[in-house]
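Colleague: Next up is a structure, given as structure tokens.
The values are calculated or read from the model by the stated rules, or taken from the named source; none is laboratory data. Everything numeric here is computed off the predicted structure, so don't read it as measured data. Neighbour counts run over all protein chains shown; Cβ positions are idealised from the backbone, glycine included. Just so you know, the surface numbers come from the protein's heavy atoms only, side chains and all, with ligands and any DNA or RNA stripped out. Shrake-Rupley method; radii C 1.70, N 1.55, O 1.52, S 1.80 Å.
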Number of protein chains: 2
Amino acid sequence: MPGTVWGLGVGPGDPELITVKALRLMQAAPVVAYPAPLGGESFARGIVRQWLDRGQQEIVIEVPMETAPEPAQAAYDRAADRIAAELEAGRDVAVLCQGDPFFYGSFMYLFGRLAARFKVEIVPGVSSLTASAAALQAPLAARNDVLAVLPGPLPEEELARRLEDVDAAAIIKLGRHFAKVRRVLDRLGLLDKAHYVERATLGNQRLRPLAEVEPVEVPYFSMILVHKRGEAWR
Amino acid sequence: MPGTVWGLGVGPGDPELITVKALRLMQAAPVVAYPAPLGGESFARGIVRQWLDRGQQEIVIEVPMETAPEPAQAAYDRAADRIAAELEAGRDVAVLCQGDPFFYGSFMYLFGRLAARFKVEIVPGVSSLTASAAALQAPLAARNDVLAVLPGPLPEEELARRLEDVDAAAIIKLGRHFAKVRRVLDRLGLLDKAHYVERATLGNQRLRPLAEVEPVEVPYFSMILVHKRGEAWR
């Protein structure tokens, strides 16, 4: 019997935001795999490190981050091969996914390579989307609101058009796109309905008024939430 | 010192999908509150009932479900008053929220009534959005996808226009709107990119091809996920 791949959402950063289920399955798995930047620390492993001292085998999926997609695809090919070898030997492999495995996560690259040949089970996790809303004390959406998730790399005109057309939006993957996104929000008169958070739920979480954010300092793990009824919640 | 309101996401239904943090805070709170339909069982309380035998005081927020909003607003007024009385007496109150407190949840009605006067802390939870994706083994979104969350009650033409304009969508609050939504997906040629799940992560979870779903049997807790690159994941 080949093993099962467990895609485990470990949550947005606060170690306690892992689910009881993901924690149990991670600790029961003989092999744990996780992505890490080349030569760097794994964010997903960092989240759960206090629960990982059980002598499990670890597979580091070394991925060149935020570069051209080709080298990353080769890295996922190699990782899928290593994971497949464990599965064929009958061992389950828990793949740690920051946030949720299927919400803009890199797990789908492994899923695409393994799901046709092996049993894959997904354990959903707390995503950065709801974690950011909680940190900002800003409801994402309610009633019959239309909510859009918009990646920061979208072109300026497209961001503007889409923001005009929804009740609420989460703008993700900000990083070096922050200045453009702020310009769009300003143009649409939405600055006072928009809230910025970086590294939500981590120890170095930071909430800042958009006007005070230095664009060069915006990390990849940041988000802007917009709700046009904004202050109506309080 | 007045108490704190904890808005605790308890996840989509599987009791093990509560976070370690929400479980700890719930068990530490002297008072636990949760919504329930008039004269019925609370879904949120049902999720966590195995961890609730500690003699905590319980406040049932009896809400007339899926009716005109007015009686519900009066019910939230009464619930906010009862919770405020506990807070003023120095007791923390944990409010149980199915899924995530700020993702289309009823918690925002209490948040709106209490946040100006009391300390409110939100613990994000696994939402039905990512739980449904996990159940369907269907990634929600990746890379620079635009993802929309669309409530089923939206008018047919608006649903069609919005579905045409995104890479991926989650259509929530289906219930009696299922037939309309399926008609729209059919018209747009998206039926084979759309997947239906009801009661994701619960014991009676059901995945069905859209063509086989009986519209009169579709519960409120159901969802359709659409991704236009659909089968490209596998």
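Colleague: State which stretch of chain A is the longest one without any exposed GluC sites (Glu not before Pro), exposure meaning a DSSP loop state and at most 11 other Cβ atoms within 10 Å.
Modeller: In chain A, the maximal stretch lacking such sites is A:67-234.
Colleague: Separate question: All other residues with a Cβ under 10 Å from the Cβ of B:V146 taken together, and with Lys, Arg as +1 and Asp, Glu as -1, what is their net charge?
Modeller: Once all neighbours under 10 Å are counted, the net charge is -3.
Colleague: Determine the shielding of peptide B:148-156 by partner chains: average, over its residues, the number of Cβ atoms on other chains within 10 angstrom of each Cβ.
Modeller: Partner-chain Cβ atoms within 10 Å, mean over residues of B:148-156: 4.
Colleague: Just from its helices, what would the mean residue ellipticity at 222 nm be for chain A, if runs of 4 or more DSSP H residues each count -39500 (n - 2.57) and the sum is divided by every residue, rounded to the nearest 500 deg cm²/dmol?
Modeller: Value at 222 nm, helices only: -9000 deg cm²/dmol.
Colleague: Considering only B:Q27, B:A44, B:A79, whose Cα is most displaced toward the positive end of the charge dipole of chain B, charges sitting on Cβ of Lys, Arg (+1) and Asp, Glu (-1)?
Modeller: B:Q27
Colleague: Buried accessible area for the A:B pair, summed, 1.4 Å probe, in Å² rounded to 100?
Modeller: Between A and B, the summed buried area is about 4800 Å².
Colleague: Also: Shape of the protein assembly as shown from its Cα gyration tensor (a ≥ b ≥ c, root eigenvalues): rounded if a/c is under 1.5, otherwise prolate when a/b > b/c, or oblate?
Modeller: Since a/c stays below 1.5, the shape of the protein assembly as shown is classed as rounded.
Colleague: Continuing with the same structure: Given a 1.4 angstrom probe, what's the average accessible area per residue across chain B, in square angstrom?
Modeller: Value for chain B: 41 Å² per residue.
Colleague: Given the C-alpha centroids of segment B:98-139 and segment B:144-193, what is the distance between them in whole angstrom?
Modeller: If we compute the Cα centre of each part, the gap is 22 Å.
Colleague: Right, another one. Once you charge only the Cβ atoms, +1 for Lys and Arg and -1 for Asp and Glu, what is the size of the charge dipole of the protein assembly as shown about its Cα centre, to the nearest 20 debye?
Modeller: In total the dipole reaches around 140 debye.
Colleague: I would also like to ask the following. In the protein assembly as shown, what is the count of Lys pairs whose alpha carbons are under 29 Å apart, counting only pairs at least 8 residues apart or on separate chains?
Modeller: Total qualifying Lys-Lys pairs in the protein assembly as shown comes to 29.
Colleague: Does any residue of segment A:86-111 lose at least 40 Å² of accessible area with all protein chains in place compared with its chain alone, and if so which ones (probe 1.4 Å)?
Modeller: At a threshold of 40 Å² (probe 1.4 Å), the residues of segment A:86-111 that become less exposed are A:F102, A:Y104, A:M108, A:F111.
Colleague: Scan around B:L190 for amide H atoms under 5 Å from its own, H built in the peptide plane at 1.01 Å from N, and keep only partners 5 or more places away or cross-chain.
Modeller: Result for B:L190 returns nothing.
Colleague: Could you state the angle between the C-alpha long axis of helix A:69-88 and the longest principal axis of the C-alpha atoms of chain A, as a value from 0 to 90 degrees rounded to the nearest 10?
Modeller: Between helix and principal axis, roughly 40 degrees.
Colleague: Could you please state how large a percent of the accessible area of chain B is carbon and sulfur, counting protein chains only and using a 1.4 Å probe?
Modeller: Ligands and nucleic acids excluded, carbon and sulfur reach 50 percent.
Colleague: Hey, got the dipole for chain A? About the Cα centre, +1 on K and R Cβ, -1 on D and E Cβ, debye to the nearest 20?
Modeller: With Lys and Arg at +1 and Asp and Glu at -1, about 360 debye.
Colleague: Now a separate question. Please check: in the Gaussian network model of chain B (C-alpha springs, under 10 Å), which one of B:P124, B:P153, B:P101 has the largest mean-square fluctuation.
Modeller: B:P153
Colleague: In segment B:85-164, with Lys and Arg counted as +1 and Asp and Glu as -1 at Cβ, which of these residues, B:F118, B:G105, B:A131, has the Cα nearest the positive end of the dipole, that is, farthest along it?
Modeller: B:F118
Colleague: Next question. Mind checking the angle between helix B:178-187 and chain B's longest principal axis? C-alpha axes, 0 to 90 degrees, to the nearest 10.
Modeller: Result, in degrees: 30.
Colleague: Just add up the charged neighbours of A:P2: K/R +1, D/E -1, any other residue whose Cβ is under 14 Å from the Cβ of A:P2.
Modeller: For residues surrounding A:P2, the net value is -1.
Colleague: Per residue of A:13-23, how many C-beta atoms from partner chains lie within 10 Å of its own C-beta, taken as a mean?
Modeller: For peptide A:13-23, the averaged partner shielding equals 6.
Colleague: Where Lys and Arg each count +1 and Asp and Glu each count -1, what net charge lies around A:I47 among other residues with Cβ under 14 Å from its Cβ?
Modeller: Local charge sum for A:I47: 0.
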